[in-house]
Amino acid sequence: MTFTPSKYTRWYYNIIDRAVTRKLSMDIYKETHHVIPRCLGGGDNTDNLVDLTAREHFICHWLLTKMVSNKKEKYQMWNAFSCMLYREKPGQDRYKISSKVFDSIKSAGSKIKSERFKGE
């Protein structure tokens, strides 16, 4: 799986590369992230997993929605990102976003969903 070459892909790998080389202290909340998402062929092997802060995890999933061009993959990345906005698990932090950002996210998601299911 290769991502489209863009500033978003560059930003994504900058976050990933920084996270791989650092050690988070035990008192910092972190979430494990699949560098290549499982739905795009990534596995659960250690070289595909990285610990991110909740903020980094949120940003990476947002960037992933901009890093694929295939309609199905774009929808899958959007779905994963929207789960981060709406679904909460015990012990998992979620970020609160402004209404302006929420509107932007929902509008973009609507377009992605519409494109994904056009003609079906």
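With a Cα cut-off of under 12 Å and a minimum spacing of 8 residues unless on different chains, the lysine pairs in the chain number 9.
A crude spin-label estimate for the pair residue 48 and residue 97, with each label 7 Å from Cα along the Cβ direction, gives 2.6 nm. Ignoring solvent entirely, what values of log10 I(q)/I(0) come out of the Debye formula for the chain at 0.16, 0.23, 0.24 Å⁻¹ when each Cα is a single scatterer? Debye output, listed in q order: -0.82, -1.54, -1.61.
Atom-type composition of the exposed protein surface of the chain places 52 percent of the accessible area on carbon and sulfur (1.4 angstrom probe). Each peptide in 22-29, 2-9, 54-61 gets a packing score, the mean of other Cβ atoms within 10 Å over its residues, and the list from highest to lowest is 54-61, 2-9, 22-29. Taking the inverse of the mean reciprocal distance over all distinct Cα pairs, the Kirkwood hydrodynamic radius of the stretch 1-64 comes to 12.2 Å.
Please calculate how many Å² of accessible area the stretch 1-70 carries per residue, with a 1.4 Å probe and no DNA, RNA or ligand atoms counted. Show your work: numbers first, answer last.
Details: 4130 Å² over 70 residues.
Accessible surface, normalised per residue, equals 59 Å².
The values are calculated or read from the model by the stated rules, or taken from the named source; none is laboratory data. All values reported here derive from a predicted model rather than from experimental measurement. Ideal geometry is used to build each Cβ from the backbone, glycine not excepted, and the neighbour counts take in all protein chains shown. The accessibility values were calculated without ligands, DNA or RNA, using every heavy atom of the protein model including side chains. Shrake-Rupley method; radii C 1.70, N 1.55, O 1.52, S 1.80 Å.
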